[in-house]
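Asks: My questions all concern the structure below.
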Amino acid sequence: MSSPPSPSPSRWFKALRRTRLGEPCLKTYPLECVDLLKRSRVAFQAGRTLKESFRLAQLEALVRMLQDHESDFVDALGRDLHKPRFETVLSELILVKNEALHAINNLKKWIQPQHVERSWSTTLDECLVVSEPLGVVLIMGSWCNPVQMCLVPLVGAIAAGNCAIISPSEYTAHTAECLHRLTPFYLDNECFHVILAGITDLPEIVELKFDHVFFIGNKEEGTRIAQAAACTLTPVTLILSGKNPCYVDQHCDIKTTAQRIAWARFHNAGQSMVAPDYILCHEDVKAQLVQALKSCLMHFYGSDPRESRSYGRMVNLEIFNRTRDLLWRSGKVTVGGQVMEAEKYIAPTILTEVAGNDPIMQQEVLGPVLPILNVKNIDKAIAFINKQEKPLCVYAYSNNYKVISRLMSETSSGSFCSNDSVLQSLMVALPFGGVGASGTGSYHGRQSFDTFSHRKSCLLRGTRFECVTYLRYPPYEDRNLSLMTWASTLSQKSQGWCQIL
């Protein structure tokens, strides 16, 4: 399918055309947002999104958009992040397609009412939970993975029967333009819209009163979004970045460990919310790990990663300068460390001799820098992790199941993965989200559907048995109370009865 003609450019679109590559200078016009919100609410109230056939058609159209315009998205992400086609297809497009196809395959089951346990007093009634759409939702994606972080939540919103307004990150301007241009040709123009907004405008947009707000980004921005949503009692889902620890035990396959950590940390030039942020390495294997990581980087990107077609760039000068400053003020550069401001290039860098109070350990790092800290044993690693705010992910590399089990059970995080990294965040069947400082709520697969649904409790009764239910009415008597207590209390199966049955 050839590229569709561009729709008539709005003021947002003209502003985007005037921006320079990668600079965050898009502008939101709240009045136009108000208009889009009104159109979406009218469409929702008319029941446009309720039919299963409509939801399936929209999900199928989303898949077609990604298939028809793969090259457009590859080009846009290449211009925004210097992202290789390989990474764009795997970590952006296929992930969204899988989510959409999973929803298509399971939608009929998801939308069915769920029956629940009844008491004696409701034994002849129908007790069920119905999933109903929330209404019009706002989805704000991050610049780290600007396609999948907008469209994976959208899959859940569509499957649940909502209308949605999507706000891609202003930092990835070409990708935002691509979504803004293509979406009207595939999704319903009254129910689904893309706005081009700056991060400073988003709290003002949130205050327009949506039925749910879904935000992916950092803690500071998420806090502002949550505060704005609180003014209108709008529920929020926050997926927030942070510092993801990675413990490397002395009993592990060093070569495989190094390969998996290096890939997770340095793909997309380290701009990933789910990448290992720092390594807690058992002191007995630190030298081996550093050497193995150095070998991996040589194999992945060659002697000069700047020349590699598989290595990206920082999204803008703000993120570049922040990452460079943290790099220069912390630990010792053992591998990499080269920077080039004109290209927003930072080489894959490994820091050693890092202390827990170094600047790079006080802030999240969305860049290609990997600090390594020594720990004497698993107890020290767990203690260090638990002193920090709860992260989005915890990673552990060890051949010892007891070590893995301890890391999983004695630390708290949004997700956990052993002997690999990042993959747990890509699986459709696993809910993904944060806890504590790393966010609230989750998404992916069925969890996305539930996030954008209201689970309504329904009790369907008749009037034929008033000869029994009259016992609840005044004047109250002890005999009636005894009967009502018996009828209303759930039965308990004792261990002895279970064994007999």
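Just so it is clear, none of the values below were taken in a lab; they were calculated from the coordinates. What you are looking at is a predicted structure, and each value in this text was computed from that prediction instead of being measured. A quick note on method: Cβ atoms are made from the backbone with ideal geometry, for glycine too, and the neighbour counts reach across all protein chains shown.
Asks: How large is log10 I(q)/I(0) at q = 0.17 Å⁻¹ when the Debye formula is applied to the Cα atoms of the stretch 11-240, each weighted equally and without solvent?
Replies: Rounded to two decimals, the profile gives -1.26.
Asks: On to the next question. Return the FRET efficiency for the residue pair Ala342, Ile94: r is the Cβ-Cβ distance, R0 is 35 Å, and the value is rounded to the nearest 0.05.
Replies: Details: r = 33 Å, r/R0 = 0.94.
Computed FRET efficiency for Ala342 and Ile94: 0.60.
Asks: In addition: Rank these for me by crowding, Thr234, Thr334, Thr469, Thr485, going from fewest to most other beta carbons within 10 Å.
Replies: Numbers: Thr234 21, Thr334 17, Thr469 13, Thr485 9.
Result, fewest neighbours first: Thr485, Thr469, Thr334, Thr234.
Asks: By how many nm would the segment from Phe54 to Glu204 grow when fully extended, if each residue of separation counts as 0.36 nm and the alpha-carbon distance is taken off? Working shown, then result.
Replies: Numbers: separation 150, 0.36 × 150 = 54.00 nm, distance 3.12 nm.
Stretched fully, the Phe54-Glu204 segment lengthens by 50.9 nm.
Asks: If each of Arg322 and Arg118 carries a label point 7 Å out from its Cα toward its Cβ, how far apart are those two points in nm?
Replies: 5.6
Asks: Sticking with this structure for a sec: What residues of the stretch 204-238 lie in the reach of a label at Asp35, counting those whose backbone N is under 18 Å from a point 7 Å from the Cα along Cα→Cβ?
Replies: Counting backbone N atoms under 18 Å from the label point, the list is 205, 208.
Asks: Based solely on its DSSP helices, what 222 nm [θ] is calculated for the chain when runs of n ≥ 4 H residues each add -39,500 (n - 2.57) and the sum is averaged over all residues, nearest 500 deg cm²/dmol? Please report the intermediate quantities before stating the final value.
Replies: On the way: 19 runs with 201 residues, N = 501.
When only DSSP H runs of four or more count, the value is -12000 deg cm²/dmol.
Asks: Report, by chain and number, residues whose modeled amide H sits under 5 Å from the one on Thr237, excluding near sequence neighbours (fewer than 5 apart, same chain).
Replies: Residues meeting the amide H criterion: Val213, Phe214, Phe215.
Asks: A further question on this structure: Roughly how tilted is helix 219-230, in degrees to the nearest 10 and between 0 and 90, from the longest Cα axis of the chain?
Replies: 30
Asks: Could you give me D for the chain, from Stokes-Einstein at 10 °C and 1.306 mPa s, where the hydrodynamic radius is the Kirkwood radius over C-alpha pairs? Units µm² s⁻¹, please. Please list the in-between numbers first.
Replies: On the way: Rh = 24.8 Å.
Rounded, D is 64 µm²/s.
Asks: For Val354, Val394, Val152, which order do you get if you count the other beta carbons within 10 Å of each Cβ and list the fewest first?
Replies: On the way: Val354 19, Val394 23, Val152 26.
Lowest count first: Val354, Val394, Val152.
Asks: How do the peptides 424-433, 342-351 rank, highest first, by the average count of neighbouring beta carbon atoms within 10 Å per residue? Write down the numbers at each step before the final one.
Replies: On the way: 424-433: 17.7, 342-351: 21.0.
My ranking of the peptides, most packed first, is 342-351, 424-433.
Asks: Also, quick follow-up: Can you tell me the FRET efficiency between Asn218 and Ser412 if r is taken as the Cβ-Cβ distance and R0 is 22 Å, rounded to the nearest 0.05? Write down the numbers at each step before the final one.
Replies: Working: r = 20 Å, r/R0 = 0.90.
For R0 = 22 Å, the calculated efficiency reads 0.65.
Asks: Right, another one. Hey, what do the phi angles of the stretch 365-379 turn into as Karplus ³J(HN,Hα) couplings, whole Hz, using 6.51/-1.76/1.60 and θ = phi - 60°, x for Gly and Pro?
Replies: 10, 9, x, x, 10, 10, x, 10, 10, 7, 9, 7, 6, 5, 4
Asks: Using the count of nearby Cβ atoms within 10 Å as a rough guide to exposure, how do Val155, Val290 rank from fewest to most? Walk me through the numbers before you get to the answer.
Replies: Working: Val155 30, Val290 18.
Result, fewest neighbours first: Val290, Val155.
Asks: Determine which lysines satisfy two conditions relative to Lys108: a Cα distance under 17 Å, and not lying fewer than 8 residues away in the same chain.
Replies: Cα-Cα hits under 17 Å: Lys51.
Asks: Multiply the residue separation of Ala355 and Leu423 by 0.36 nm, subtract the distance between their alpha-carbon atoms, and state the gained length in nm to one decimal. Can you show the working numbers first?
Replies: Numbers: separation 68, 0.36 × 68 = 24.48 nm, distance 2.86 nm.
Gain in length upon complete extension: 21.6 nm.
Asks: Based on the Cβ-Cβ distance of Ser405 and Glu477, what FRET efficiency does E = 1/(1 + (r/R0)^6) give at R0 = 51 Å, to the nearest 0.05? It would help to have the intermediate numbers written out before the result.
Replies: Numbers: r = 57 Å, r/R0 = 1.11.
Efficiency at R0 = 51 Å is approximately 0.35.
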